[in-house]
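The values are calculated or read from the model by the stated rules, or taken from the named source; none is laboratory data. None of these values were measured; they are calculated from a predicted model. Neighbour counts are summed over all protein chains in view; Cβ atoms, including those assigned to glycine, are modelled from backbone coordinates with ideal geometry. SASA here: full protein model, heavy atoms, side chains in, ligands and nucleic acids out. Shrake-Rupley method; radii C 1.70, N 1.55, O 1.52, S 1.80 Å.
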Amino acid sequence: MKTQRAATGVAGSSPADADASTRQRVKSSILEHGPSTAAQLATRLGLTPAGIRRHLDVLLATGHVQAREQRVYGARGRGRPARVFALTDAGRATFYSAYDDLANAALEFLSETAGPDAVTRFAQARIAAVEDRYRDNIANAAPGATPAEALAAALTEDGYVASTLPSAIGEQLCQHHCPIAHIAEQFPQLCEVETEMFSRVLGVHVQRLATIAHGDGVCTTHIPHTMTPNEGRP
């Protein structure tokens, strides 16, 4: 009995279970932060470089992550881009709802019977249900928070794990998880209507740079700087 306890660990879990749990943490970290280097993952999860490489090798072999050069938006600096690890569709599947197939089938039926415009109208009605709430969150944002940050917080509450990054001419809104990515892959109207809603609640024209549904690691939207009524006045 003592030998068995020593082999399975104090908590009663086997080494295989512990490894599986760690690999799930690796996937969760990539989901939350987007495509990441091995060094970034090791730092976030408190793993050694050898340890994170071992887990990434397994995830690569099982097709749950893929390695690629880091995408650079704007001017690229000297040197080769960093190698990052991103979730594949198989890796994301563990985070998706079992109702994806049903939703896809329902929208396919709607499109076939009422036309593609009906899917767009459905997407608009779906967005209308949250648009006012997002607008209120932006209007009542904490002091010092930008509109993009307030929108990111609201999106996170709805499961999109959103954050913002500064850019030279504005901010980038990053959605690290998309609960409807499998559906939006087939029906891009969902992404288009969402982008239009972002423009309305933020009061500026935004530009979608990348989407999870199209194979990117993160849904990224450029939000240009805006001037307050007092800025630019002498």
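For segment 172-188, the set of residues classified as aliphatic (A, V, I, L, M), modelled with pLDDT under 90 and not in a helix (DSSP H, G or I) consists of Ile180 only.
Scan segment 189-209 and tell me whether some residue there is crowded, with 21+ Cβ neighbours inside 10 Å, in a helix (DSSP H, G or I) and aromatic (Phe, Trp, Tyr). Within segment 189-209, one or more residues are crowded, with 21+ Cβ neighbours inside 10 Å, in a helix (DSSP H, G or I) and aromatic (Phe, Trp, Tyr).
So, His182, is that one open to solvent by less than 40 Å² (accessible area, probe 1.4 Å) and not acidic (Asp, Glu) or not? No, not satisfied.
Tallying residues that are among the polar types (S, T, N, Q) and out of contact with any Ser or Thr (no Cβ under 9 Å at 6 or more places or on another chain) within segment 162-213 yields 3. Put simply, of Ala125, Ala152, Ala129 the only residue that is on the phi < 0 side of the Ramachandran plot and touching a strand residue (DSSP E or B) at 6+ places or on another chain (Cβ under 9 Å) is Ala152.
Kindly list, by first and then second residue, each pair from a residue in segment 183-196 that is without any contact (Cβ under 8 Å) to a residue 40 or more places away in the chain to a residue that is assigned to a loop (DSSP other than H, G, I, E, B) and surrounded by 18 or more Cβ atoms within 10 Å (Cβ to Cβ), limited to pairs with Cβ atoms under 8 Å and residues at least 6 apart or on different chains. Short answer, once both residue conditions are applied: Ala184/Cys178; Ala184/Thr211; Cys191/Thr211; Thr195/Val206. Considering segment 156-171, and only residues there that are not in a strand (DSSP E or B) and not small (Gly, Ala, Ser), the residue that is farthest from Glu108 (Cα to Cα) turns out to be Ile169. Just to be sure before I move on: is Ala139 at pLDDT 85 or above, open to solvent by 30 Å² or more (accessible area, probe 1.4 Å), in contact with a strand residue (DSSP E or B) (Cβ under 6 Å, 6 or more places away or on another chain) and on the phi < 0 side of the Ramachandran plot in the structure I sent? So Ala139 fails the test.
The condition (being over 30 Å from Leu59 (Cα atoms), at pLDDT below 95 and open to solvent by 70 Å² or more (accessible area, probe 1.4 Å)) is satisfied by just one residue among Ala129, Ala106, Ala145: Ala129. For segment 29-49, a residue qualifies if it is assigned to a helix (DSSP H, G or I) and β-branched (Val, Ile, Thr), and the qualifying residues are Ile30, Thr43.
Against the definition (charged (D, E, K, R) and at pLDDT below 85), how does Asp89 come out, yes or no? Here the answer is yes, as Asp89 does meet what is asked.
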